[in-house]
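Asker: I have a structure here, written as structure tokens, and I will follow up with some questions on it.
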Amino acid sequence: MSTLFTWTQASRNSPPADRTRLIDRLQSTGVAIDKMVVTDISPAIVRQFLDHLERDRHCTGVTRNHRLGTIHSLTRFIGMRSPVHLSWCTEVRLVPFKKTDKTLITYLDKAEMDALLRQPDRHTVLGMRDYVLLLFLYNSGARADELARLAIKHLRLEDPPSVRIHGKGNKIRMCPLWPMMVPMLESLVIGRGADEVVFLGRANKPMTRFGIHRLVTHYAEMASDEIPSMQAKRTSPHNIRHTTAVHMLRSGVDINTIRVWLGHVSLDTTNIYAEVDLEMKTKALASVDVSGQPAELLRQRALPSLMTFLQGI
């Protein structure tokens, strides 16, 4: 396993697209693909590759850091399995990430979420499916790929209803369901096998995360005609996940409970919702007692001029 291609094939942390772009960049230096070795990825080559992403491909700093993170993962994978490459691994991992502006998350206010849920035509089979899908995303805070993989056997529709969600890192979490969802989910899965997925497309094939994303954005465009404020927001399944977290926080749900609900490993990840919620900050500010402070501005006392002061010395 000495060639670079073999190592990248063995690493699950290196997405195919990232491998291809990096190897293409190495080939441009004149190294044949079957002759490339690990040390051909020098720190200088990595910096050239990252500069190429920003300059020629017009990628953002976030994308640049994502690609560098993938390279770091590959070097860590190789270093753990090939001690002779530890020095090379250290040198490559010293290539720094670029500082980028922190992007605030977006979420829907209650009126905007209600408008989104009103868009599907519940008098049709597909419209009812779409309504249940949107409501399920809002209820569970599930990611699009988690929803696409959701099987009927993961639903527990007896009292109290809940769903078993298989999340990132093979982590399992249980989320309670609103009682109103039970009859809608029952009608959606009736007569089907337990191993089948819950949400099917038009051809009765499992929906993909891309199909779910298109569905959400389609109804968001419709809802933006009703609620103009939605036109400035990029609504997606993940935005609905953010919406679930913020609305739970506003309702007084403990931040640690929200962490478990969404399947976050670290509480720091969940804390971003407390940072962005301006409504909660406004309520917190209003609760501060400032009754003892003067309501009017104090009048500024007239001070003597500098010449008058000097003459009096």
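Asker: Tell me, yes or no, whether region 74-94 has at least one residue that is closer than 22 Å to residue 209 by Cα and more than 24 Å from the chain's Cα centre (by Cα). Lay out the reasoning, then the answer.
Answerer: Keep residues of region 74-94 that are closer than 22 Å to residue 209 by Cα, which gives none.
Scanning region 74-94, I find no residue that is closer than 22 Å to residue 209 by Cα and more than 24 Å from the chain's Cα centre (by Cα), so the answer is no.
Residue-by-condition table, conditions (1) among the hydrophobic types (A, V, I, L, M, F, W, C); (2) closer than 15 Å to residue 139 by Cα; (3) surrounded by 15 or more Cβ atoms within 10 Å (Cβ to Cβ):
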{"residue": "177", "(1), (2), (3)": "yes, yes, yes"}
{"residue": "210", "(1), (2), (3)": "yes, no, no"}
{"residue": "246", "(1), (2), (3)": "yes, yes, yes"}
{"residue": "256", "(1), (2), (3)": "no, no, no"}
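Asker: Let me ask another. Could you run through region 35-50 and say how many residues are open to solvent by 20 Å² or more (accessible area, probe 1.4 Å) and either among the β-branched types (Val, Ile, Thr) or under 32 Å from the mean Cα position of the chain (by Cα) (or both)? Quick ask: steps written out before the conclusion?
Answerer: At the first step, the residues of region 35-50 found to be open to solvent by 20 Å² or more (accessible area, probe 1.4 Å) are 35, 37, 39-40, 42-45, 47-48.
Of the ones still in play, those that are also either among the β-branched types (Val, Ile, Thr) or under 32 Å from the mean Cα position of the chain (by Cα) (or both) are 37, 39, 42-45, 47-48.
Going through region 35-50 one residue at a time, the tally reaches 8.
Asker: Determine which single condition residue 217 fails, assuming it passes every other condition in (1) open to solvent by 30 Å² or more (accessible area, probe 1.4 Å); (2) β-branched (Val, Ile, Thr); (3) outside any helix (DSSP H, G or I); (4) within 16 Å of residue 144 (Cα to Cα).
Answerer: All conditions pass for residue 217, except number (3).
Asker: Out of 106, 124, report the one residue that is surrounded by fewer than 17 Cβ atoms within 10 Å (Cβ to Cβ), within 17 Å of the chain's Cα centre (by Cα) and not hydrophobic (A, V, I, L, M, F, W, C).
Answerer: Values: 124 fails: within 17 Å of the chain's Cα centre (by Cα).
Result: 106 is the single residue among 106, 124 that is surrounded by fewer than 17 Cβ atoms within 10 Å (Cβ to Cβ), within 17 Å of the chain's Cα centre (by Cα) and not hydrophobic (A, V, I, L, M, F, W, C).
Asker: A follow-up question, please. Quick check, is residue 84 in a helix (DSSP H, G or I), among the aliphatic types (A, V, I, L, M) and open to solvent by less than 80 Å² (accessible area, probe 1.4 Å)? Write out each step before concluding.
Answerer: Working: in a helix (DSSP H, G or I): yes; among the aliphatic types (A, V, I, L, M): yes; open to solvent by less than 80 Å² (accessible area, probe 1.4 Å): no.
In short, no.
Asker: Take residue 46 and decide whether it is modelled with pLDDT under 85 and either under 18 Å from residue 87 (Cα atoms) or in contact with a Lys or Arg (Cβ under 9 Å, 6 or more places away or on another chain) (or both). Walk me through how you get there before you give the answer.
Answerer: Values: modelled with pLDDT under 85: no; either under 18 Å from residue 87 (Cα atoms) or in contact with a Lys or Arg (Cβ under 9 Å, 6 or more places away or on another chain) (or both): yes.
When the stated conditions are applied, residue 46 does not pass them.
Asker: Are any of the residues in region 184-197 touching a residue at least 12 places away in the same chain (Cβ under 8 Å), touching an Asp or Glu at 6+ places or on another chain (Cβ under 9 Å), open to solvent by 20 Å² or more (accessible area, probe 1.4 Å) and not in a helix (DSSP H, G or I)?
Answerer: Looking for residues that are touching a residue at least 12 places away in the same chain (Cβ under 8 Å), touching an Asp or Glu at 6+ places or on another chain (Cβ under 9 Å), open to solvent by 20 Å² or more (accessible area, probe 1.4 Å) and not in a helix (DSSP H, G or I), one finds none in region 184-197, hence no.
The values are calculated or read from the model by the stated rules, or taken from the named source; none is laboratory data. As the structure is a computational prediction, the values presented were derived from the model and not from experiment. Counting neighbours? That spans all protein chains shown, and the Cβs are built from the backbone with ideal geometry, glycine included. Please note that ligands, DNA and RNA were not included when accessible areas were found on the heavy atoms of the full protein model with its side chains. Shrake-Rupley method; radii C 1.70, N 1.55, O 1.52, S 1.80 Å.
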